[in-house]
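Accompanying notes for the structure given below.
The values are calculated or read from the model by the stated rules, or taken from the named source; none is laboratory data. Just so we're clear, the structure is a prediction, and the values are computed from it rather than from any experiment. Cβ: placed from backbone, ideal geometry, glycine included. Neighbour counts: every protein chain shown.
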Ligand SMILES: Nc1nc2c(ncn2[C@@H]2O[C@H](COP(=O)(O)OP(=O)(O)O)[C@@H](O)[C@H]2O)c(=O)[nH]1
Ligand SMILES: [Mg+2]
């Protein structure tokens with residue numbers, strides 16, 4: 001790997017005109033490099049860590065560029081663990097470029113994510129924390145922000161580290177049993193080992209299951225498609241969720257031919273809504289194409305809202321033709337419910353109306369106050385999504401989930417080997433594989449390829 005203390009710099013604020021711009025330089029000699037261009041020079045050179053100095057930035061030729069504030073962080077007490085200066089200039093992009101050009105005489109341009117990579121290499125944070133820095137920057141929705149913040153704070157890492165320690169402890173017990181096979185050790189007996197491994201497996205499986213559901217939905221959003229016969233009120237509900245008229249609403253059936261996609265926020269979760277052409281037999285070629293797309297979207301969605309308007313005959317054939325897999329992720333919605341009653345507070349036993357069968361379709365209306373409240377609640381309930389952030393370790397990252405799944409397979413093998421009395425060597429071997437999978441998440445073992453693939457997704461300056 002290249003010299004990791006060589007000074008690197010970048011503009012770390014978005015391009016364009018703004019109140020201020022910030023240029024960051026990190027690495028050996030950073031403070032001295034900036035001081036060449038800064039007056040009063042001595043003040044910057046002698047500045048203690050975590051202080052701000054006011055002065056003027058000059059070019060190499062001595063021309064004043066701007067009045068700036070320099071924030072100084074001295075190694076190891078900085079984001080990267082190295083000497084860092086952050087120069088705040090007035091927010092004219094030409095000023096920031098001139099400052100950067102002068103710094104580039106002695107430093108090189110930072111690659112995407114390189115400041116954070118250095119933080120990892122210098123032990124300021126581990127890999128899951130670094131990955132979460134990027135998640136935090138790009139988080140959409142309050143839940144995604146909380147999940148990323150939890151991970152930046154190291155809560156997931158600590159949890160995984162604890163799991164890793166417990167696996168190692170169990171493996172040591174197996175190794176003891178191998179080494180002292182001829183003696184009766186009270187410390188290790190198959191029943192105790194089995195219990196320990198079962199417990200590790202259970203913890204890992206719970207973490208994985210929640211990662212696959214809540215974690216995935218928080219990170220990627222929840223894909224929901226609105227389906228139903230033409231005129232069932234799909235576009236109206238779509239617009240009502242969006243709070244503006246995105247889709248054309250029209251009493252003529254077959255108005256929406258392609259599908260529309262928009263994201264909304266529900267209790268901190270991102271819902272990706274699809275308004276579709278609906279389902280019905282049609283001789284119109286364009287509409288048929290739209291219906292085909294609806295079927296594809298249904299496959300791809302996490303949830304289907306199937307509208308059964310209270311003023312239309314239910315088309316049982318269409319519904320019964322749905323595969324069990326699709327039906328499992330369908331909520332049945334009694335749309336246009338205002339035609340029955342517009343006072344939703346009088347609807348009896350709304351908990352029962354969870355939408356999981358047509359008999360308990362969720363009443364919904366876009367023409368009534370609170371007409372979508374039952375529906376919103378049913379969506380959160382369907383995914384068992386808490387309305388407030390739950391402060392426990394959560395895996396949201398696909399790389400982490402894949403490694404966790406490998407750890408689970410190894411733990412399952414370990415358990416099996418105890419049950420089969422295959423010999424403690426086999427159990428120990430499987431426990432080592434499980435540890436390696438968790439170490440991969442934590443970045444205890446990394447490769448350049450892995451680091452590159454992670455940090456290439458960062459922005460320059462992070
Ligand atoms: N009474 C009532 N009419 C509705 C409601 N939602 C939609 N409609 C009407 O039903 C017709 C079809 O609505 P639209 O949203 O275009 O249905 P789509 O074809 O499924 O997208 C329009 O005339 C709407 O005004 C509702 O909640 N209550
Ligand atoms: Mg429509």
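Quick grid of which residues meet (1) in a strand (DSSP E or B); (2) in contact with a helix residue (DSSP H, G or I) (Cβ under 6 Å, 6 or more places away or on another chain); (3) at positive phi:
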site: 299; (1), (2), (3): no, no, no
site: 305; (1), (2), (3): yes, no, no
site: 309; (1), (2), (3): no, no, no
site: 313; (1), (2), (3): no, no, no
site: 322; (1), (2), (3): no, no, no
site: 327; (1), (2), (3): no, no, no
site: 332; (1), (2), (3): yes, yes, no
site: 351; (1), (2), (3): no, no, no
site: 366; (1), (2), (3): no, yes, no
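Every test in (1) in a helix (DSSP H, G or I); (2) modelled with pLDDT under 90 is passed by residue 386 save one, and that test is (1).
Among (1) within 16 Å of ligand 1 (Cβ to nearest atom); (2) more than 30 Å from residue 155 (Cβ to Cβ), which single condition is residue 289 missing? Of (1) within 16 Å of ligand 1 (Cβ to nearest atom); (2) more than 30 Å from residue 155 (Cβ to Cβ), only one is false for residue 289: (1). Residue check: residue 306 meets all listed conditions (1) more than 18 Å from residue 230 (Cα to Cα); (2) within 16 Å of ligand 2 (Cβ to nearest atom) but one, namely (1). Being out of contact with any helix residue (DSSP H, G or I) (no Cβ under 6 Å at 6 or more places or on another chain) and within 26 Å of residue 362 (Cβ to Cβ) is the requirement here; does residue 191 meet it? Criteria not met by residue 191.
For the stretch 57-78, check the following and say yes or no: at least one residue is touching a residue at least 60 places away in the same chain (Cβ under 8 Å) and closer than 30 Å to residue 130 by Cβ. Before you say what the answer is, go through the steps one by one.
Let us first name the residues in the stretch 57-78 that are touching a residue at least 60 places away in the same chain (Cβ under 8 Å), namely none.
No, that holds for no residue.
Filtering the stretch 281-292 to residues that are surrounded by 16 or more Cβ atoms within 10 Å (Cβ to Cβ) and either at pLDDT below 75 or more than 11 Å from ligand 2 (Cβ to nearest atom) (or both) leaves 282, 287, 291. Screening residue 373 with (1) touching a residue at least 40 places away in the same chain (Cβ under 8 Å); (2) within 27 Å of the chain's Cα centre (by Cα); (3) over 30 Å from residue 155 (Cβ atoms) gives one miss only, at (1). Go through the stretch 162-174 and give me each residue that's surrounded by fewer than 16 Cβ atoms within 10 Å (Cβ to Cβ) and either touching a residue at least 60 places away in the same chain (Cβ under 8 Å) or outside the structural domain of residue 435 (by TED's automatic domain parsing) (or both). Once the filter is applied, which keeps residues that are surrounded by fewer than 16 Cβ atoms within 10 Å (Cβ to Cβ) and either touching a residue at least 60 places away in the same chain (Cβ under 8 Å) or outside the structural domain of residue 435 (by TED's automatic domain parsing) (or both), the stretch 162-174 yields only 168. Among the residues of the stretch 312-329, are any within 11 Å of ligand 1 (Cβ to nearest atom) and assigned by TED's automatic domain parsing to the domain that holds residue 367? Among the residues of the stretch 312-329, at least one is within 11 Å of ligand 1 (Cβ to nearest atom) and assigned by TED's automatic domain parsing to the domain that holds residue 367, which makes the answer yes.
Condition check ((1) assigned by TED's automatic domain parsing to the domain that holds residue 400; (2) surrounded by 13 or more Cβ atoms within 10 Å (Cβ to Cβ); (3) over 30 Å from residue 265 (Cβ atoms)) across all residues:
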{"site": "177", "(1), (2), (3)": "yes, yes, yes"}
{"site": "180", "(1), (2), (3)": "yes, no, yes"}
{"site": "184", "(1), (2), (3)": "yes, no, yes"}
{"site": "193", "(1), (2), (3)": "yes, yes, yes"}
{"site": "198", "(1), (2), (3)": "yes, yes, yes"}
{"site": "207", "(1), (2), (3)": "yes, yes, no"}
{"site": "212", "(1), (2), (3)": "yes, yes, no"}
{"site": "224", "(1), (2), (3)": "no, yes, no"}
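Restricting the stretch 257-273 to residues that are within 15 Å of ligand 2 (Cβ to nearest atom) and within 20 Å of residue 331 (Cβ to Cβ), which is surrounded by the most Cβ atoms within 10 Å (Cβ to Cβ)?
First, the residues of the stretch 257-273 that are within 15 Å of ligand 2 (Cβ to nearest atom): 257-262, 273.
Now drop any that are not within 20 Å of residue 331 (Cβ to Cβ), which leaves 259-262, 273.
Numbers: 259: 21, 260: 18, 261: 13, 262: 16, 273: 25.
Only one residue tops the list, namely 273.
Restricting the first member to the stretch 13-40 and to residues that are assigned by TED's automatic domain parsing to the domain that holds residue 61 and more than 22 Å from residue 105 (Cβ to Cβ), and the second to residues that are modelled with pLDDT of 95 or more and assigned to a strand (DSSP E or B), the beta-carbon pairs closer than 6 Å and six or more apart or on different chains are 20/88. Number of residues in the stretch 236-256 that are near ligand 1 (Cβ under 6 Å from one of its atoms) and either closer than 20 Å to residue 284 by Cα or outside the structural domain of residue 288 (by TED's automatic domain parsing) (or both): the value is 5.
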